[in-house]
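Just so it is clear, none of the values below were taken in a lab; they were calculated from the coordinates. Keep in mind the model is a prediction, meaning the values are calculated, not measured. Virtual Cβ from ideal backbone geometry, glycine too; neighbours counted across all protein chains shown.
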Ligand SMILES: Cc1ncc(COP(=O)(O)O)c(C=O)c1O
């Protein structure tokens, strides 16, 4: 095997992440190929990003046409794709206003600014949560090992247990906002306790605090609803979006509801590329295709099929998550070895921690992809049982 790309990566790329296991060169649908010519079934989808899979014709067409028409204008100007995406996102989410940015962390930063504009000092988030790596979003992230090398971070942020009792105990008139992931993706796809979001809505409203949901991993149909909170019937004050709405094009958004949508005023926030016509045309095409092909229903249905097929396989102790955001809890701390065995079988999955495997395939997958996944994944589990 050629190691040229590995030595170059090791010498030239900042050492902020581990050395990758392969160099990928091409993708189509649910498959990718590496520079050795090996074909993989992609059941990670760029970490819950590739809603339509790789090189979907609708996304290719939208990006190609838009860059040939009007690629960038700055936020001094409006553009038709930006307005079309705003219209579509607000219709799908029931929100009142949207702020566009470039990533999930930036969508969280916009949420932190909304929280600051309440005039209240304290912010709550959950232990074991993940909200991003910028200094503000990292302050909210509930993993001490990620935060500690960069302290001091934002003051007055508390990471509380994911229980209704802990929220009641922490809440008060000085709390600006509670940030919550409907499913904790980076923690290993961990579901909230039953009724948590409903209780969080009631408690935050009672204290006049904002409820800001991080739907960066759960949004855009992945959980079998357009946005995970819609399965509960609550209305949040804001949702942070990224990943799946762009389908591979870097975009983030903060959708706000009611009074929260009026908190930011002219000149208080912005970014050069936010809402740029290229990325908004792309996101609009992604969401239009999810609607046209009813991929939200497909996510729900395929998620049920995958769960049924996983039941009873070796090493599997627990199956978590919703739709096509699936956490597989293992009975032994061998997830890294399972990921390596899967790669050797031509399957891409990932291990958010020692005992969890995360699956986040494209929403376009069908029964043949599931059969292939189960065959390869079973071998990877058996090799480590
Ligand atoms: C729930 C959640 N919030 C925030 C982020 C940060 O998003 P980004 O990596 O686009 O900055 C992520 C990324 O994994 C995420 O999963």
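Using a 10 Å cut-off on Cβ atoms, rank the peptides 302-311, 231-240 from the highest mean neighbour count down.
For the peptides 302-311, 231-240, the packing ranking is 231-240, 302-311.
Springs join every pair of Cα atoms under 10 Å in this Gaussian network model of the chain, and among 25, 334, 175 the largest mean-square fluctuation is at 25. Principal axis extents of the Cα atoms in region 1-136, from largest to smallest and rounded to whole angstrom, are 57, 41, 28. Using every pair of separate Cα atoms, the Kirkwood estimate puts the hydrodynamic radius of the chain at 21.5 angstrom.
Sorted largest first, the spans of the alpha carbon positions of region 286-371 along the three principal axes are 41, 23, 22 Å. Annotation: the antiparallel percentage among DSSP beta bridges lying fully within the chain is about 65. Ranking of 83, 278 by neighbouring Cβ atoms within 10 Å, starting from the fewest: 83, 278.
For region 91-243, the relative contact order comes to 24 percent (Cα pairs under 8 Å, sequence separation of at least 6). Taken over the alpha carbons of region 101-152 as equal point scatterers, the Debye sum produces base-10 log I(q)/I(0) values at 0.24 Å⁻¹ of -0.94. Determine the shape class of region 130-226: with a ≥ b ≥ c the square roots of the Cα gyration tensor eigenvalues, call it rounded for a/c under 1.5, and otherwise prolate if a/b is greater than b/c, oblate otherwise. It is oblate, given that a/c is not under 1.5 and a/b is not larger than b/c. Look at the alpha carbon pairs under 8 Å that are at least 6 residues apart: their mean separation over the length of region 262-351 gives a relative contact order of 15 percent. Between 137, 21, 103, the Gaussian network model of the chain with springs among Cα atoms under 10 angstrom shows the greatest mean-square fluctuation at 21.
Can you order the peptides 341-348, 189-196, 4-11 by their average number of other Cβ atoms within 10 Å per residue, highest first? Don't jump to the answer; show the numbers that get you there.
Values: 341-348: 18.9, 189-196: 16.1, 4-11: 11.5.
Ranked by mean Cβ neighbours within 10 Å, highest first: 341-348, 189-196, 4-11.
Highest mobility in the GNM of the chain, judged by mean-square fluctuation with C-alpha springs under 10 Å and restricted to 12, 217, 127, is found for 12.
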